[in-house]
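First up is the structure itself, then whatever we jot down about it.
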Amino acid sequence: MSRKTIYFPHSFLVFAILLIILVFAVGLIFIRVIGAAFEDVGFSPITTTLILVATFLGSFVNIPLFKLKTTVPIIKEEFVNFLGVFYRIPQVEYGQMITVVAINLGGALIPTAVSVYLLWKAPSAILYSLVGVAVVAMVTRVIARPVKGVGIVTPAFIPPIAAAVLALILPSGAPRIVAYVAGVLGTLIGADLSNLNVIPKLGAPVASIGGAGTFDGVFLSGIIAVLLA
């Protein structure tokens, strides 16, 4: 893979904040404050930690899916500011008019795989999780904004908070699972998948599903789901 698809999409400040959140959550897991969060579906504290760490580190990796011809010039490498958060645009050759549509390993593939596993282990939570996914997707679709050079950007805390609230309201009996699945899949569907049609107009060298502007919400959904224990 080239440096267009392996890069961290944020400024060092955002990187540091996410890393602090991760270390805090991992610390709680190992002192058993929330270590039993996913044990009822077969996840040990170490497994939960590995999932969170893999999600975080996987945010560097974007797997190319296909290419789209853009309708505006590609923005060269720089940082784009949206709602006070700086997003890094990967370096590309000058004059390139192609957007690489990719899928983020940590922001899409790993969380989606975990969501499928959770629902497989707790089939009674499937219906409530799907309701949560639909609601979070609608909320995310409303607040998501296309940002030139970056892709689709979503305020980080709104999708996971919406997912957590729904998980506590719905009588699923498995709020952690509903929170995780709704937060992850709802964010991906509402932000990225429902906005694929606007990608050619953004001048982004790489538009990654689950990357850049949506990774924060997906990552925090995993953290909040664990904290719900």
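Derivation of every value follows stated rules applied to the coordinates shown; laboratory data play no part. Keep in mind that what you see is a predicted model, and the values were worked out from it rather than measured. Here the Cβ is made from the backbone with ideal geometry for all residues, glycine too, and neighbour counts use every protein chain on show.
With the highest mean first, a sort of the peptides 200-211, 174-185 on other beta-carbon atoms found within 10 angstrom per residue produces 174-185, 200-211. Net charge in the neighbourhood of G132 (other residues with Cβ under 15 Å of its Cβ; Lys, Arg +1, Asp, Glu -1) is +2. Quick one: which residues, 5 or more positions from A102 or on another chain, have an amide H under 5 Å from its amide H? H modelled 1.01 Å from N in the peptide plane, none for Pro or chain starts. Amide H to amide H, under 5 Å and 5 or more residues apart or across chains, A102 pairs with L65, A207, S208, I209.
Between I169 and I98, what FRET efficiency comes out of the Förster formula 1/(1 + (r/R0)^6) with R0 = 25 Å and r the beta carbon distance, rounded to 0.05? Before the final figure, lay out the partial values.
Values: r = 44 Å, r/R0 = 1.77.
Computed FRET efficiency for I98 and I169 comes out at 0.05.
Taking all pairs of distinct Cα atoms, average 1/r, flip it, and tell me the Kirkwood hydrodynamic radius of region 88-207 in Å to one decimal place. It would help to have the intermediate numbers written out before the result.
Values: mean 1/r = 0.0664 Å⁻¹.
When all Cα pairs of region 88-207 are included, the Kirkwood radius is 15.1 Å.
The slack in the chain from W120 to N197, taken as 0.36 nm per residue of separation less the alpha-carbon distance, amounts to 24.5 nm.
A simple spin-label model places the labels of L19 and K67 3.4 nm from each other, with each point 7 Å out along Cα-to-Cβ.
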